[in-house]
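Before any comments, here is the structure.
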């Protein structure tokens, strides 16, 4: 929630996906939407931040992501998706200390 708060503070519209969260707390800003799937959260986004390692994220292929986010930028600090989303040159993939194009 801290990352979401900072993004919203800086003017971002945030689509979030977390299978453990069914509703957002009442104090969450109006610029946050809770999505039902990882692909719904990525739809039309400028960048995708992976901040939790849910198995559902590994089910999303690079091709599926590129259909909803053609200029995909994926920020994955722990390299959780390096074998799936980080393995294609069509996705700009960034992890701590690593950037692939």
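The residues in segment 1-60 that are exposed (fewer than 13 other Cβ atoms within 10 Å of the Cβ), part of a helix (DSSP H, G or I) and at pLDDT below 90 can be counted, and the count is 4.
For residue 65, the criteria (1) at pLDDT below 95; (2) part of a helix (DSSP H, G or I); (3) crowded, with 16+ Cβ neighbours inside 10 Å hold in every case but one, which is (1).
One line per residue, one yes/no per condition, for (1) in contact (Cβ under 8 Å) with a residue 24 or more places away in the chain; (2) within 21 Å of residue 82 (Cα to Cα); (3) touching a strand residue (DSSP E or B) at 6+ places or on another chain (Cβ under 6 Å):
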{"residue": "27", "(1), (2), (3)": "no, no, no"}
{"residue": "30", "(1), (2), (3)": "no, no, no"}
{"residue": "37", "(1), (2), (3)": "no, yes, no"}
{"residue": "40", "(1), (2), (3)": "yes, yes, no"}
{"residue": "46", "(1), (2), (3)": "yes, yes, no"}
{"residue": "55", "(1), (2), (3)": "no, yes, no"}
{"residue": "60", "(1), (2), (3)": "yes, yes, no"}
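Kindly establish whether residue 77 is free of Cβ contacts under 8 Å to residues at least 12 places away in the same chain and either under 20 Å from residue 44 (Cα atoms) or exposed (fewer than 14 other Cβ atoms within 10 Å of the Cβ) (or both). Here the answer is no, as residue 77 does not meet what is asked.
The values are calculated or read from the model by the stated rules, or taken from the named source; none is laboratory data. From a predicted model like this one, the values you see are computed outputs, not experimental measurements. Ideal geometry is used to build each Cβ from the backbone, glycine not excepted, and the neighbour counts take in all protein chains shown.
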